[in-house]
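The values are calculated or read from the model by the stated rules, or taken from the named source; none is laboratory data. Quantities reported herein were computed from a predicted structural model and do not represent experimental measurements. So basically every Cβ, Gly included, is an ideal-geometry build from the backbone, and we count neighbours across all protein chains shown. In case anyone asks, the SASA skips ligands and DNA or RNA and just uses the protein heavy atoms, side chains included. Shrake-Rupley method; radii C 1.70, N 1.55, O 1.52, S 1.80 Å.
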Amino acid sequence: MDAAKLKTAVTEQVDANRQRLSELARSIHDNPELGFQEIKAAAWLTQFLEENGFSVKRGICRLPTAFRASYGKGKPIIALIAEYDALPGVGHACGHNISGNISVGAAVAAKLVCDQLPGCVTVIGTPAEELYGGKAIMAKKGAFSDLDVAMMVHSGTSDTATTRALACQNLYIEFFGQAAHAAARPERGINALEAMIQSFNAINSLRQHIKSSARIHGIITDGGQASNVVPEHSAGAFIVRAEEDNYLEELKKKVLNCFKGAATATGARLKYKWDEARYAPMRNNMTLARLFVDNMKSLGRSVNLPDSGGFGSTDMGNVSQIVPAIHATVAVAPRGTLLHSPEFAAAVTSEAAIDGLCDAAKTLAMIVVDLLASPEILAEVKEEFKGEK
Ligand SMILES: [Zn+2]
Ligand SMILES: [Zn+2]
């Protein structure tokens, strides 16, 4: 079968699986599970892959809800990355019920290619994208090191081939002061809440003088217990983001100085912890991005390069530092719907969302055809990646 016929075959296969993919997407939506607790989602997705002849390893990287499902033989290994975690409070407001199924649906269609040509199509199930950077943890354990290409399509409000994602790291802060009666003995107290408030003010001052693409934001998770007691403890969670790794390091020091300064000013003791997982910036492989555009356009969708591809941060960035990768988006919600909002969560079970799921799965499956049927295209993808290093 030539490449054109294979592309027709894989798109027909996605259509044949539409009902099942839509049921999976809706079940995962209706059973939102937080990072590292995606037991049902991982079980359902791996079951579907197993039914289709994939050999499945569950609990890879010592993460119970991570998995690797492969079909085919030898090299190259084309990986499709699946996410399936939800957000606290707003459920599937990031549409991972769709994006996980895009990769699974694409893989089940692309197995037809592996029946004809050498190579493997592999789904890597990556838990906890939202809260813990599951891929960053898995990257450290070598989960992506034997892959030739890694691709995924995220839920969004437009079709894009690339993503601009910032490097970021979470920072957890605590201040310890001295409790005292706020009116009778204020001079004996050390106010941990004031230390937190001064930190926010210092960060706000710092924000005038940082690169415009960088971001610093946070919340107070403990601000005291009673208004007549000087707060002896305060706590907060912050995220620092920057476009380049080097600048993130520079900015992290400046942000930390804001907390240190507030500790000195108030006399409260500072305790801080940077999260182990650090999200790397996204490196978009433009050769893969062009394949995405061409294949998605063949389905009648309007996607062009360069695109607006905006985003916060994604642990797919960590994967993109190891292996040529794309993190595309497909429209599954009306334009203007905000990611991480209840409106987005409500949109991701609509028929339009399932259309997006199927078109994105077809696009990825057709890229698998390009990569396995034309070694020169894969070579170009790898050349670009090497050339950037
Ligand atoms: Zn997401
Ligand atoms: Zn998200």
field: Separation of the Gln178 and Lys273 label points, Cα + 7 Å toward Cβ, nm
entry: 2.7 nm
statement: Listed by chain and number, the aspartates and glutamates with an alpha carbon less than 17 angstrom from that of Lys382, same-chain partners under 8 positions apart left out, are Asp146, Asp148, Asp370
query: Considering only protein heavy atoms, what per residue accessible area in square angstrom results for the chain with a 1.4 angstrom probe?
result: 41 Å²
query: Quick one: helix 39-51 against the long Cα principal axis of the chain, what's the angle to the nearest 10°, folded into 0 to 90?
result: 10 degrees
Among Ala289, Ala183, Ala333, residue whose mean-square fluctuation peaks in a GNM of the chain (springs only between Cα atoms under 10 Å): Ala183
field: Centre separation in Å (Cα based) which lies between region 7-40 and region 265-296
entry: 26 Å
- prompt: Could you give the nm distance between label points at Lys260 and Ser374, where each point is 7 Å from its Cα heading toward the beta carbon?
  reply: 5.4 nm
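Rg(Cα) of region 187-226 divided by 2.2 N^0.38 Å?
Values: Rg = 13.3 Å, N = 40, 2.2 N^0.38 = 8.9 Å.
In units of the globular-protein estimate, region 187-226 measures up at 1.49.
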task: Go through region 214-222 residue by residue and turn each phi into a ³J(HN,Hα) via Karplus (6.51, -1.76, 1.60, θ = phi - 60°); whole Hz please, and just put x for glycine and proline.
output: 7, 9, 9, 8, x, 9, 9, 9, 9
field: Nearest-ten-degree value, helix 375-388 long axis tilted from longest Cα axis of the chain
entry: 20 degrees
query: For the chain, modelled as a GNM with alpha-carbon contacts under 10 angstrom, which of Gly336, Gly35, Gly91 fluctuates the most?
result: Gly336
task: Find the relative contact order for the chain and round it to a whole percent, using C-alpha pairs within less than 8 Å whose residues are 6+ positions apart.
output: 23 percent
message: Quick check of the Kirkwood formula: for region 141-207, what is the inverse mean of 1/r over all pairs of different Cα atoms, in Å?
response: 17.7 Å
message: Only Cα pairs within less than 10 Å get springs; with that Gaussian network setup on the chain, which residue of Gln225, Gln169, Gln47 has the largest fluctuation?
response: Gln225
query: Helix 3-16 versus the longest principal axis of the chain: what is the Cα-based angle in degrees, 0 to 90, to the nearest 10?
result: 60 degrees
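Please express the shape of the chain as an equivalent ellipsoid: the semi-axes are the square roots of 5 times the eigenvalues of the C-alpha gyration tensor, given largest first in whole angstrom. Before the final figure, lay out each step's value.
Working: eigenvalues 381, 89, 65 Å².
The three semi-axes for the chain are 44, 21, 18 Å.
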- prompt: Among the lysines, which fall within straight-line cross-link reach of Lys57, defined as a Cα-Cα distance under 26 Å, with same-chain neighbours fewer than 8 residues apart omitted?
  reply: Lys40, Lys73, Lys75, Lys111, Lys135, Lys140, Lys141, Lys362
query: Measuring from centroid to centroid over Cα atoms, what is the spacing of region 314-389 and region 193-256 in Å?
result: 33 Å
- line: per DSSP, antiparallel bridges as share of beta bridges in the chain, % nearest 5, sits at 70 percent
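Counting each DSSP H run of 4 or more residues in the chain as -39500 (n - 2.57), what helix-only mean residue ellipticity at 222 nm follows after dividing by all residues, to the nearest 500 deg cm²/dmol?
Counting only the DSSP helices, I get -13500 deg cm²/dmol.
Which percent of the accessible area of the chain is formed by carbon and sulfur heavy atoms (probe 1.4 angstrom)?
Details: 8300 of 16060 Å².
Carbon and sulfur together cover 52 percent of it.
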task: Please calculate the 1.4 Å probe accessible area of Lys253, with all protein chains present, and give it to the nearest 10 Å².
output: 140 Å²
- prompt: How would you classify region 1-112 from its alpha-carbon gyration tensor, with a ≥ b ≥ c the square roots of the eigenvalues: rounded for a/c under 1.5, else prolate if a/b is greater than b/c, otherwise oblate?
  reply: oblate
Probe 1.4 Å - accessible area at His181, Å² to nearest ten: 100 Å²
